[in-house]
Number of protein chains: 2
Amino acid sequence: MAEAVDGCVRHGLEAIGLWRQDVAAQGLGETIELVRNAGLRVSSLCRGGFLTAPGFEEDNRRAIDEAAALEAACLVMVVGGLPGVVPGEPLGTISRDLTAARNHVEDALTLLAPYAAERGVRLALEPLHPMYCADRAVLSTLGQALDLAAPYAPETVGVVVDTFHVWWDPQVFGQIERAGAEGRIASYQVCDFLSPLPADVLLGRGMMGDGVIDFGKLTDAVAAAGYTGDIEVEIFNADVWAADPDEVVTTMKARYGTLIEGA
Amino acid sequence: MAEAVDGCVRHGLEAIGLWRQDVAAQGLGETIELVRNAGLRVSSLCRGGFLTAPGFEEDNRRAIDEAAALEAACLVMVVGGLPGVVPGEPLGTISRDLTAARNHVEDALTLLAPYAAERGVRLALEPLHPMYCADRAVLSTLGQALDLAAPYAPETVGVVVDTFHVWWDPQVFGQIERAGAEGRIASYQVCDFLSPLPADVLLGRGMMGDGVIDFGKLTDAVAAAGYTGDIEVEIFNADVWAADPDEVVTTMKARYGTLIEGA
């Protein structure tokens with residue numbers, strides 16, 4: 001955590017997206033101190049969710065409390081897959097009732113949204129690429145996320161627009177416009193979609209420019225929809241993780257300048 | 001080809017879906033003779049498409065001619081990915097303009113549909129799972145396929161409903177109903193979606209029951225939509241391909257009986 005915060009400061013980044021396990025490893029209090037002393041905004045806390053797993057309620061209340069303490073702009077919600085499906089594990093006893101799983105997510109939000117609202121935390125529903133529907137998120141499109149958010153105030157339940165997850169969607173531009181009109185874009189996340197995908201599809205993300213995504217059109221659409229918050233670069237990629245952090249940030253800033261800011 | 005046809009006959013299957021490269025290897029005339037003598041229907045010829053590649057028009061006219069000669073119920077169209085993206089190959093010079101690629105597919109159909117109509121061939125637009133959007137098909141949802149088919153007569157341009165490709169879609173049941181109402185279901189294909197996916201996602205298909213799909217609901221929806229044609233089992237899976245063909249068909253028939261017919 002200290003290294004990441006220091007890297008942001010040295011490279012002139014103004015905000016950081018935090019992951020709960022890293023916050024826990026550092027300690028919540030120390031993390032708050034680190035980011036405050038560095039003058040960083042917390043663009044998001046990742047992640048609440050997995051609402052289709054047993055015990056989801058207690059864990060998500062803790063995540064909401066942490067997001068409140070960190071003054072994170074939002075708590076990213078990865079809602080979970082089919083009940084019983086464990087990412088990366090062979091299938092055991094599972095439920096194949098996708099409609100029921102989606103209804104369960106809807107019900108779970110009725111429990112969590114009021115708790116988040118009381119603490120001033122914004123839940124950010126993240127539709128994941130359909131290839132993760134079984135094991136990580138039964139929420140697969142931006143339109144579906146907006147339908148799910150509809151009963152709540154936009155400052156309590158928003159959505160994440162992540163280029164990796166939504167670039168393929170024939171309805172994406174209309175739904176980005178809708179998300180803006182409804183005031184629900186809680187985070188804009190960018191990374192590229194690699195082709196071919198690597199053996200572990202979770203790590204199929206690349207530095208902007210290394211894959212197939214047209215960042216100009218999506219970034220223009222998000223800007224036209226009125227989003228003025230932080231743009232988060234989120235890359236799950238074994239090579240990026242293994243590389244020198246300063247080189248990664250240097251490349252990231254260069255690509256960001258060309259492909260996102262220059263869009 | 002002879003082995004496949006013989007296997008169908010011995011196991012009491014009444015129809016076979018053919019692939020163009022196998023037809024070419026056997027010879028078109030001999031293939032026609034084999035399937036006619038066996039009394040098999042040709043449920044589909046796979047595949048035309050790759051409309052975003054150079055030279056698509058000539059190749060697709062040939063595919064239409066072959067489908068006509070085989071009296072195939074339809075010619076499955078896998079429309080192709082982003083221009084320049086080659087499945088399985090590192091990215092070279094590509095176009096990232098997905099909207100343009102989709103518009104190009106729409107334009108290509110205006111060339112091919114009249115040719116197909118003259119020969120009595122039904123083009124069957126197949127939406128592919130969004131994880132193949134870059135390299136195999138910019139057609140990603142059933143709704144998008146129906147929009148693309150809309151200008152043409154249903155007997156000239158239909159759609160494929162393939163469980164593997166559409167199971168995750170929040171709009172799938174509405175779009176299956178629409179496809180039925182518009183008379184456009186040209187083929188219903190079944191296979192399972194494996195979790196976790198194998199290293200090569202193209203081969204992420206499994207025997208029905210080995211993955212995460214609820215076949216009952218989808219099969220009921222397709223039946224309720226009025227589809228009475230052949231149901232095709234199409235499994236790209238290295239283990240299935242390596243197994244004894246008679247065992248594969250025996251397992252397939254058992255699973256089909258339980259999960260599809262028994263739905």
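Numbers at a glance
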{"item": "Cα-only radius of gyration and Dmax that characterise segment B:1-122, units Å", "result": "16.4, 49"}
{"item": "Computed [θ] at 222 nm, deg cm²/dmol, chain A (DSSP H ≥ 4; -39,500 (n - 2.57); rounded to nearest 500)", "result": "-12500 deg cm²/dmol"}
{"item": "Relative contact order, percent, segment B:1-113 [alpha-carbon distance under 8 Å, six or more residues apart]", "result": "23 percent"}
{"item": "Computed magnitude of the charge dipole of the protein assembly as shown (debye, nearest 20; Cβ of K, R +1, Cβ of D, E -1)", "result": "720 debye"}
{"item": "Listed residue (B:Gln144, B:Val160, B:Pro198) projecting farthest to the positive dipole end of segment B:2-260, Cβ model", "result": "B:Gln144"}
{"item": "A versus B: buried accessible surface, summed, Å² (probe 1.4 Å, to nearest 100)", "result": "2900 Å²"}
{"item": "Copies compared at B:Ala223 - label distances in nm, ascending, label defined 7 Å from Cα in the Cβ direction", "result": "5.4"}
{"item": "Using a 7 Å Cα-to-Cβ projection, A:Asp147 label spacings across copies, nm, ascending", "result": "1.6"}
{"item": "Kirkwood hydrodynamic radius of segment B:150-213, Cα pairs, Å", "result": "13.0 Å"}
{"item": "Chain A, relative contact order in percent, only Cα pairs under 8 angstrom and at least six apart counted", "result": "14 percent"}
{"item": "Taking the C-alpha atoms of the protein assembly as shown, convex hull volume expressed per residue in Å³", "result": "146 Å³"}
{"item": "Within the accessible area of the protein assembly as shown (1.4 Å probe), percent carbon and sulfur", "result": "51 percent"}
{"item": "Filtered chymotrypsin sites (Phe, Trp or Tyr not before Pro), segment A:209-250: DSSP coil and at most 16 other beta carbons within 10 Å", "result": "A:Phe236"}
{"item": "Estimated FRET transfer efficiency (A:Ala181, B:Glu177; beta-carbon r; R0 35 Å; 0.05)", "result": "0.75"}
{"item": "For B:Gly29, label point 7 Å along C-beta direction: distances to other copies, nm", "result": "8.8"}
{"item": "For segment A:47-90: rounded, prolate or oblate by the Cα gyration tensor [a/c cutoff 1.5]", "result": "prolate"}
{"item": "Label-to-label distance, nm, for residues given as B:Phe236 and A:Thr110 (7 Å Cα→Cβ offset)", "result": "4.2 nm"}
{"item": "Kirkwood Rh, angstrom, segment A:2-260 [1 / mean 1/r, Cα pairs]", "result": "18.7 Å"}
{"item": "Segment A:176-263: GluC sites (Glu not before Pro) falling in loop per DSSP and having at most 15 other Cβ within 10 Å", "result": "A:Glu182"}
{"item": "Contour excess over end-to-end distance, with Cα ends at A:Val86 and A:Arg119 and 0.36 nm allotted per residue", "result": "8.8 nm"}
{"item": "Fraction in percent of alpha-carbon pairs per bin - 5 Å, segment A:224-263", "result": "6, 18, 24, 24, 14, 7, 4, 1"}
{"item": "Reach of B:Lys253 by Cα under 23 Å, taken over lysines that are not fewer than 8 positions away in the same chain", "result": "B:Lys217"}
{"item": "Cleavage-rule hits, trypsin sites (Lys or Arg not before Pro), segment A:1-101, DSSP coil, Cβ neighbours within 10 Å at most 15", "result": "none"}
{"item": "Extension gain, A:Thr228 back to A:Ala15 (0.36 nm per residue minus Cα-Cα distance, nm)", "result": "75.3 nm"}
{"item": "Semi-axis lengths, Å, segment A:7-54, gyration tensor of Cα atoms, sqrt of 5 times eigenvalues", "result": "24, 13, 8"}
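The values are calculated or read from the model by the stated rules, or taken from the named source; none is laboratory data. The model shown is predicted, which means the values in this text are computed figures rather than measured ones. FYI the Cβ positions are ideal-geometry reconstructions off the backbone, even for glycines, and counts take in every protein chain you see. For the accessible areas, the whole protein counts, side chains as well, though only heavy atoms, and no ligand, DNA or RNA atoms are used. Shrake-Rupley method; radii C 1.70, N 1.55, O 1.52, S 1.80 Å.
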